[in-house]
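**Q** First the structure, which I've put down as structure tokens, then a few questions once you've had a look.
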Amino acid sequence: MRTTETSDLWWKTAVIYCLDVKTFMDGDDNGIGDFDGVASRIDYLNELGVTCLWLMPFYPNGGRDDGYDITDFYAVDPALGSFGDLVELVRTAKDRGMRVIADLVVNHTSDRHPWFRASRSSTTNPYRDFYVWRDTEPPDTSDQVVFPDQEDSIWQLDEKTGEWYLHNFYRQQPDLNIANPKVQDEIAKIIGFWMELGLDGFRVDAVPFLIETKGIRKADTQGYGDPHEHLRALKAFMSRRRGDTILLGEVNLPYKDQVAFFGGTDGDELTMMFDFPLMQQLYLSLARRDAGPVADCLRKRPVIQPHTQYANFVRNHDELTLDKLTDEERQEVFDAFGPEPEMQLYGRGLRRRLPPMLNGDPRRLKMVYSLLFALPGTPALFYGEEIGMGENLEVPGRMAVRTPMQWTSGKNAGFSRTQPSRLVAPIVEGPYGPAHINAASQRKDPESLLSFITLLAGRYRECPELGMGRYEVLDHDAPSVLVHRCTWEQLDGDVASTVLVHNLGPEATEITVTLEGVDGGTDIVDLFSDLELSTESRGRLTVPVEGYGHHWLRIHGPNDRRLR
Ligand code: NOJ
């Protein structure tokens with residue numbers, strides 16, 4: 001029953017694609033991307049192999065944090081189209097078999113949200129306790145701010161009432177008071193609302209901040225109990241309404257703290273989490289050309305409940321955060337991939353996309369994306385990664401990687417037919433500009449990154465052992481090569497097992513591994529080339545690997561009927 005199991009737990013073998021509606025495709029040529037534009041590109045995404053579309057915030061907002069400062073949770077930003085347009089987009093995606101999830105940003109609102117306007121109007125307003133207030137001068141919290149270039153405290157004095165409100169992010173993003181049952185009800189209502197409109201789940205913003213009670217007066221946290229209970233309640237609420245909806249959480253914590261957000265032995269909190277620790281170790285491995293950091297990290301990754309899942313990613317819409325590396329390790333990555341101060345952000349990350357970091361080396365780039373899809377878990381792409389887009393360092397801060405999608409080599413990269421001065425964000429210029437990097441020409445080029453990633457998505461879907469199975473990191477003698485094996489024993493007794501080989505270094509080499517439980521003389525088939533190997537006695541397998549080479553080697557048992 002392989003097919004049934006993978007489709008029931010669809011998120012475990014999904015190909016996730018994150019896009020920002022306003023920079024993806026402009027349907028009405030006013031310079032701002034819109035729902036119609038995205039709908040017109042659903043077939044492109046379908047062809048790429050996307051099975052789950054993640055829409056970044058599309059709600060009315062205060063214009064401070066690129067949509068993460070919401071002024072109305074029950075509406076859409078009119079600049080992106082109408083409610084009807086969004087529903088048409090969701091319907092079109094579903095018609096092509098795609099799930100759709102959206103950002104759920106309920107740790108905070110915009111300071112222009114009517115709740116906050118009411119809350120700050122007087123200490124006795126019924127909405128006062130929707131937010132977190134203190135009446136005494138706060139201590140120095142400059143070491144806790146998320147955006148150190150903009151803020152020096154997580155508390156902001158509000159002149160009118162002479163009290164301070166909590167804001168973990170920008171001061172224009174006051175934190176909601178999660179301990180207030182009315183706020184909890186509103187959050188459930190928001191989730192329920194978007195589920196009724198057909199969303200299949202949410203990417204949950206800033207989860208640790210959302211559930212913690214930091215700053216909330218002790219008296220007001222009575223009755224709130226264990227913060228994780230709140231997450232559990234939200235998940236239970238969703239599952240009551242529709243069992244196959246997901247919560248994909250942003251929890252950038254070390255594994256030992258992060259794993260609790262899956263919900264302990266029951267796995268009844270977040271369905272998925274981005275693997276921030278692995279992503280950071282991947283960059284260290286790339287910088288060192290040494291598979292060690294990734295291998296160690298995979299070995300330490302907690303074993304999680306079968307229905308929960310890690311989402312792997314190489315880049316997302318924020319700075320490439322390296323905050324969990326040591327200062328020396330971070331410096332190594334900075335030296336390798338972002339030595340100029342203008343490439344760095346907040347002292348902890350890089351505001352670059354991957355291809356320029358790798359000097360556009362196509363072999364290395366393809367190896368990294370092969371690894372992304374081969375890692376145990378679910379791959380998540382950020383728009384433009386599939387064609388190898390670069391960043392625009394002229395654009396401030398994190399916005400450097402949020403430039404318009406490059407569709408063609410023509411005017412405005414085919415994103416919009418408006419005048420360039422009216423574009424929502426400037427187009428990338430130079431070697432990564434649309435003249436060199438665009439979807440239209442890559443579609444026709446079998447050697448392009450787009451063609452390769454399309455192939456990867458297809459092979460990933462054919463290998464449910466990558467998303468569903470257990471894995472082991474295999475020992476061998478070549479430090480630059482990561483070898484891991486994913487195995488899935490299906491309900492009907494069939495076993496699918498694949499060995500994944502990635503050389504993070506430029507030198508060709510050879511690895512020899514022992515495959516437990518595999519007899520000598522077993523066929524080993526490379527899913528990306530004509531390479532066919534066979535095991536020696538006791539499952540010994542020797543594999544030649546090119547510099548920055550990769551192999552997905554399926555262990556072809558006698559009963560395996562999958563295509564070679
Ligand atoms: C995380 C989001 O990814 C980021 O873009 C945003 O600024 C913060 N959360 C605040 O919502």
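The values are calculated or read from the model by the stated rules, or taken from the named source; none is laboratory data. Remember, predicted model here, so these are calculated numbers, not experimental data. Cβ: placed from backbone, ideal geometry, glycine included. Neighbour counts: every protein chain shown. SASA here: full protein model, heavy atoms, side chains in, ligands and nucleic acids out. Shrake-Rupley method; radii C 1.70, N 1.55, O 1.52, S 1.80 Å.
**Q** Pull up the range 85-124, narrow it to residues that are open to solvent by 30 Å² or more (accessible area, probe 1.4 Å) and outside any helix (DSSP H, G or I), then point me to the one that is farthest from Asn177 (Cα to Cα).
**A** Ranking the candidates gives Arg96 first.
**Q** Every residue in the range 29-82 that is within 15 Å of the ligand (Cβ to nearest atom), in a loop (DSSP other than H, G, I, E, B) and either of a type in the set (A, V, I, L, M, F, W, C) or over 23 Å from the mean Cα position of the chain (by Cα) (or both), please.
**A** Met56, Phe58, Gly62, Thr71, Phe73
**Q** Do you know which of the residues in the range 310-354 that are of a type in the set (S, T, N, Q) and more than 16 Å from the ligand (Cβ to nearest atom) is surrounded by the most Cβ atoms within 10 Å (Cβ to Cβ)?
**A** Within the range 310-354, the match that is surrounded by the most Cβ atoms within 10 Å (Cβ to Cβ) is Asn312.
**Q** Looking only at the range 71-93, how many residues end up being out of contact with any strand residue (DSSP E or B) (no Cβ under 7 Å at 6 or more places or on another chain) and within 22 Å of Ile246 (Cα to Cα)?
**A** The qualifying residues number 10.
**Q** So which residues in the range 171-189 are assigned to a helix (DSSP H, G or I) and either touching a Lys or Arg at 6+ places or on another chain (Cβ under 7 Å) or over 27 Å from Phe147 (Cα atoms) (or both)?
**A** The first filter runs over the range 171-189 and keeps only residues assigned to a helix (DSSP H, G or I), leaving 181-189.
Of everything in the range 171-189, those that are assigned to a helix (DSSP H, G or I) and either touching a Lys or Arg at 6+ places or on another chain (Cβ under 7 Å) or over 27 Å from Phe147 (Cα atoms) (or both) turn out to be Pro181, Lys182, Asp185, Glu186, Ala188, Lys189.
**Q** Return yes when Thr487 is within 30 Å of His556 (Cβ to Cβ), crowded, with 20+ Cβ neighbours inside 10 Å and away from the ligand (no atom under 16 Å from the Cβ) and no when it is not.
**A** So Thr487 fails the test.
**Q** Only residues in the range 291-304 that are among the β-branched types (Val, Ile, Thr) count as the first member; pair them with residues that are crowded, with 16+ Cβ neighbours inside 10 Å, Cβ under 6 angstrom, at least 6 apart or cross-chain, and list the lot.
**A** Val294/Gln281; Val294/Leu282; Val294/Ser285; Val294/Leu482; Ile304/Phe262
**Q** Are there any pairs with C-beta distances below 6 angstrom linking a residue in the range 131-154 that is more than 13 Å from Tyr170 (Cα to Cα) to a residue that is within 16 Å of the ligand (Cβ to nearest atom) and part of a loop (DSSP other than H, G, I, E, B), with the two at least 6 apart or on different chains, and if so which?
**A** The qualifying pairs are Tyr131/Pro174; Thr141/Ile154.
**Q** Starting from residues that are surrounded by 24 or more Cβ atoms within 10 Å (Cβ to Cβ) and aromatic (Phe, Trp, Tyr), keep the ones in the range 355-382 and report whichever is nearest to Thr498 (Cα to Cα).
**A** Phe373
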